[in-house]
Each structure stands twice: as structure tokens, then as C-alpha cells.
Amino acid sequence: MTIQHTSMFAPVQSIAQETIQPRVERTTSDAHESFATTLQQAIQSVNNEQQHSQEMTTRLVNGDVESLHDVMIASEKAGIALQATVEVRNKVVEAYETMMRMQV
């Protein structure tokens, strides 16, 4: 059994690294593109985990996988990635709603 280290939090860690580095003058469009790219990568990563889990489950049903453990690990990784994504979405929506309630 081979355990591969893949981080579903890599896009979030890249954001953290950007905030630690010295500030460089950025335009609003640069920040928008950077955020959009990071968000796309994070969602693509979750999607890849879900697809891998589905593929492993299909292979298990067909009898092509010898280890149930690998299928369960893939399934749990996909589930955790999805839960983390939903929680991040909830926090973003909550922050947006808080900003909308602010009086200027």
C-alpha cells in the first residue's frame, strides 16, 4: 500500500504565503485574477478527489481493486475535501452578509 501525500489545502497555503511575503503594489484586477485562479484550483482539487473516489468505488464493484482500504481512504479524502469546501463557502457567505449589513 502506497500513501501519497496530497494536500487539499495547497491553494489555501499559497494564499497564506502571499500574505506573509512583503507587499508589492497590486492593482485590483491583479488581486481579482489571483483570487479567481486560487479559487478555481481549490475547486478543481476537490472535484479531482471526488472523481478519484468514484473511480475507485466503481473499480471495487467491478472487482478490479484488491484493497478495500484504498477505496475507503479515497472516499474519506473526498468527503473531507467536500466538507472543508462547504465550510469555507459558509464562512465567505457569512462575511459577505456581515459586510452588507454594515452602514456606511
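What nm value, rounded to one decimal, do you get for the distance between L82 and H69 when each label is placed 7 Å out toward the C-beta?
Once both label points are built, they end up 2.5 nm from each other.
Let me check I've understood the local charge: for R59, count other residues with C-beta under 14 angstrom from its C-beta, Lys and Arg +1, Asp and Glu -1. What total comes out?
Every neighbour counted, the sum reads -4.
What order do you get for R89, R101, R59 when you list them from fewest to most C-beta neighbours inside 10 Å?
The fewest-first ordering by Cβ neighbours comes to R101, R89, R59.
Where a number appears in this text, it was derived from the coordinates with a stated rule and is not lab data. Given the structure is predicted, the values throughout are model-derived calculations rather than measurements. In this analysis, Cβ positions are derived from the backbone assuming ideal geometry, glycine residues included, and neighbour counts consider all displayed protein chains.
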